[in-house]
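For reference, the structure discussed in these notes is given below.
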Amino acid sequence: MPDTDRLLKTRFPVTNALTYDDVHINFTCEEWTLMNTSQKNLYKDVMLETYKNLTDIGYSWDCHNIEEHCASSKRHGR
């Protein structure tokens with residue numbers, strides 16, 4: 001581990017870290033249908049930013065099937 005990484009982990013230990021499940025919102029088809037266009041766009045923007053931020057900090061997507069989530073979203077017009 002580079003010295004910088006070790007120093008950061010010593011000074012800023014990860015405690016109570018957020019997970020994908022903490023920030024992901026899975027709307028039902030009925031809920032999604034009740035949302036207006038601006039609400040749907042806001043959801044999409046927030047989730048894309050969340051994916052990017054988690055990826056930037058090295059989050060492992062191995063345990064989540066993102067392709068399945070995206071396919072499901074497209075089926076429901078998301």
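A few points about this structure:
- Counting only protein chain heavy atoms and rolling a 1.4 Å probe, the accessible areas of 31, 49 rank, largest first, as 49, 31.
- With both labels modelled 7 Å from their Cα along Cα-to-Cβ, the residue 41 to residue 21 distance reads 3.4 nm.
The values are calculated or read from the model by the stated rules, or taken from the named source; none is laboratory data. Keep in mind that this is a model prediction, so the values were computed, not measured. Cβ coordinates were reconstructed from backbone atoms using ideal geometry, including for glycine residues, and neighbour counts include every protein chain displayed. These area figures cover heavy atoms from the full protein model, side chains too; ligands, DNA and RNA do not enter into them. Shrake-Rupley method; radii C 1.70, N 1.55, O 1.52, S 1.80 Å.
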